[in-house]
1. What pairs come up if the first residue lies in region 42-65 and is touching a residue at least 24 places away in the same chain (Cβ under 8 Å) and more than 11 Å from the ligand (Cβ to nearest atom), the second is open to solvent by less than 40 Å² (accessible area, probe 1.4 Å) and not hydroxyl-bearing (Ser, Thr, Tyr), and their beta carbons are under 6 Å apart, counting only those six or more places apart or on different chains?
2. Of the conditions (1) in contact with an Asp or Glu (Cβ under 7 Å, 6 or more places away or on another chain); (2) open to solvent by 40 Å² or more (accessible area, probe 1.4 Å), GLU34 fails just one. Which one is it?
3. Which members of region 1-25 meet the condition of being at pLDDT 95 or above and either touching a His at 6+ places or on another chain (Cβ under 7 Å) or farther than 28 Å from ALA195 by Cβ (or both)?
4. Here is a check on your reading of the model: is HIS102 away from the ligand (no atom under 16 Å from the Cβ) and more than 20 Å from LEU196 (Cα to Cα)?
5. What are the residues in region 89-135 that are loosely packed, with under 13 Cβ neighbours inside 10 Å and touching a Phe, Trp or Tyr at 6+ places or on another chain (Cβ under 7 Å), if any?
6. If you check ILE99, ILE112, which single one turns out to be touching a residue at least 60 places away in the same chain (Cβ under 8 Å) and in a helix (DSSP H, G or I)?
Amino acid sequence: MPPVLGYWKQRGLAQPIRLLLNYVEEEYEEKYYESGPAPDFSRESWLSEKFKLGLPFPNNPYWIDGDIAIVQSHAILKHLGRKHNLCPTTEQEKIRCDILEHQLDDFVWAFIYVCYAKKLSNWDYAEKRSEYLSKLPDMLKEYSEFLEDRPWFTGKNLTYVDFLAYDILDMHRVFAPGCLDDFKNLVDFMANFEALPTIKKYMQSDRFLKKPIWNKYADWRGD
Ligand SMILES: N[C@@H](CCC(=O)N[C@@H](CS)C(=O)NCC(=O)O)C(=O)O
């Protein structure tokens, strides 16, 4: 039985994992869950299985591969990174990788709180969006300065954090078109990532889930 990646039928937190799996061409099955229609957006498709899968801290995305059962998107990504030699090797690279991984987690959650403004915090989406957009150039500038002239975020080799970085930056290209344009090294990073032959092949295949980015009950889901 091939391993299974379970998650909502959206990019969300699973997309960097999907990108990595397809980059290394590991065979796996996608188990998609779909929430119901408005106004209830039932999560029953997931909840009916959540506690029956043998997962620690049951959640999604999850990865089940024989007797390996993993939750937490970063734990899955790092497991796959170790398995496929997509980890930093020198201490300097490890430090950069750790910094970036946690920075990107802060970034994605700040974005999630805007995209699900009403649902998560009863915030006004338009207000939060415009506040967020006013801060975005400074946030992106920090990523650009961190990358400098390296081909990949930890150095000369592609590592699992590049999959996280690519996807969050790409989500922002959809959310705020043109937002990367002032940062040539980020634009080059995106182009270099998309030019990786197996990534290119995946993105052209019908397995590639380009949208929606978030669930049906988000204020902004990128579709
Ligand atoms: N920190 C976790 C967050 C997981 C999470 O919040 N999953 C959401 C979808 S993005 C969910 O619907 N989980 C199912 C649940 O809470 O039962 C991760 O990175 O995997």
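The values are calculated or read from the model by the stated rules, or taken from the named source; none is laboratory data. Please read these numbers as outputs of a predicted model, since none were measured by experiment. Here Cβ is always computed from backbone atoms with ideal geometry, including for glycine, and neighbour counts include all displayed protein chains. Just so you know, the surface numbers come from the protein's heavy atoms only, side chains and all, with ligands and any DNA or RNA stripped out. Shrake-Rupley method; radii C 1.70, N 1.55, O 1.52, S 1.80 Å.
1. If the second residue must be open to solvent by less than 40 Å² (accessible area, probe 1.4 Å) and not hydroxyl-bearing (Ser, Thr, Tyr), the pairs left are ILE64/VAL4; ASP65/PRO3.
2. Checking GLU34 against (1) in contact with an Asp or Glu (Cβ under 7 Å, 6 or more places away or on another chain); (2) open to solvent by 40 Å² or more (accessible area, probe 1.4 Å), the one that fails is (1).
3. Passing the criteria: VAL4, GLY6, TRP8, VAL24.
4. Here the answer is no, as HIS102 does not meet what is asked.
5. Across region 89-135, the qualifying residue is only SER121.
6. Unique residue meeting the criteria: ILE112.
Residue by residue, here is whether (1) open to solvent by less than 60 Å² (accessible area, probe 1.4 Å); (2) more than 21 Å from the chain's Cα centre (by Cα) holds:
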{"position": "SER48", "(1), (2)": "yes, yes"}
{"position": "PHE57", "(1), (2)": "no, no"}
{"position": "PRO61", "(1), (2)": "yes, no"}
{"position": "CYS87", "(1), (2)": "yes, no"}
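Rundown of residues vs (1) under 26 Å from PRO61 (Cα atoms); (2) open to solvent by less than 60 Å² (accessible area, probe 1.4 Å); (3) over 18 Å from the mean Cα position of the chain (by Cα), yes/no style:
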| residue | (1), (2), (3) |
| --- | --- |
| ASP149 | no, no, yes |
| THR154 | yes, yes, no |
| GLN204 | yes, no, yes |
| LEU209 | yes, yes, no |
| PRO212 | yes, yes, no |
